[in-house]
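Structure first, then comments.
Throughout, read-outs are computed from the coordinates displayed, never taken from laboratory work. Being a predicted model, the structure only gives us computed values, none of them experimental. A quick note on method: Cβ atoms are made from the backbone with ideal geometry, for glycine too, and the neighbour counts reach across all protein chains shown.
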Amino acid sequence: NSNKEAVGIYERNFGKWKQKFMFPPRSVSHIHQIKYDKFRKCLWILTGDSDKESAIWKSDLLFQKVDLILGGSQKFRSCFLMPLKEGIAYATDTPLEENAVYFSRENNGVWEEPIKIFDMNGPCIYGSAVDNENYVMSTSVEPDASLSVLRYRLTKRLGRGVKDDYTHIIFGNPKDGFQDLCKFKKDCLRPWLFQFGNVMFPDIKGNFIFATGQSLKKIDGKTIIIDVSTILK
């Protein structure tokens, strides 16, 4: 959305699409995730990508009331949010700054400043629930977004928020903590032209994590299975 045009949210009902909400022009570049919160019976909307556009919004289920909850810096740029009974946790997605998992709770109708609960080696684009408590996430290997458009598309230089050229798979939960399960090295191709190094997760819950590699050595275009049964005991 380089022209900063309006960004819409649509609902498909009985085979027909209907616009439910519209962010006005020059307010957000795009939407990263819309997540249902069973504890608050609401929807969380994650937007990016500049400081002004990076935000976490809360909406009722009919999109009649959409409120800005947290925003204004890369600290609130996220693609993956975890609704919890105690609050919300989210993983940041910025190549410009260091990335982490943050937690925020609501206090008398006001959401508190998020606290860092886990440092990550890079931005997180993909994540999934494993069961009712645990989550799996992956970090991405991507170029330096501070460069000019042409240089960004051609460079192999990593962004400041990308600490190494590995995609890390992270497992755990905000209460008991997170850990790095394993990592996979980015292939030799330029990340913007040939895709960021990433791992994606089909939404399958249980003792096994299914993980699909993208632009990674050994597992590019392949799906692997990670057994987490011993960790869940």
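Computed from point charges on the beta carbon alone (+1 for Lys and Arg, -1 for Asp and Glu), the dipole magnitude for the chain about its Cα centre is near 580 Debye.
Among residues other than T155 with Cβ under 12 Å from its Cβ, the summed charge is +3 (Lys and Arg +1, Asp and Glu -1). The residues packed around G87, meaning those with a beta-carbon under 9 Å from its beta-carbon, carry a net charge of -1 if Lys and Arg are +1 and Asp and Glu are -1.
Dipole orientation for segment 124-163: of the candidates S148, S128, G161, S148 has the Cα lying most toward the positive pole (charges on Cβ; Lys, Arg +1; Asp, Glu -1). Count the net charge of all other residues whose Cβ sits under 13 Å from the Cβ of E106, scoring Lys and Arg as +1 and Asp and Glu as -1. That works out to -1. Simple rule: put +1 on each Lys or Arg Cβ and -1 on each Asp or Glu Cβ in the chain, find the dipole, and look at I69, N13, I226; the Cα lying farthest toward the positive end is N13.
Dipole magnitude for segment 108-233: computed about the Cα centre from +1 point charges on Lys and Arg Cβ and -1 point charges on Asp and Glu Cβ, it is near 680 debye. Using DSSP to call loops (not H, G, I, E or B), can you name the trypsin sites (Lys or Arg not before Pro) in segment 165-205 whose Cβ has at most 14 other Cβ atoms within 10 angstrom? When the trypsin sites (Lys or Arg not before Pro) of segment 165-205 are filtered for loop state and at most 14 Cβ neighbours within 10 Å, K175, K205 remain. In terms of the mean number of neighbouring beta-carbon atoms within 10 Å, the peptides 112-124, 26-38 order highest first as 112-124, 26-38.
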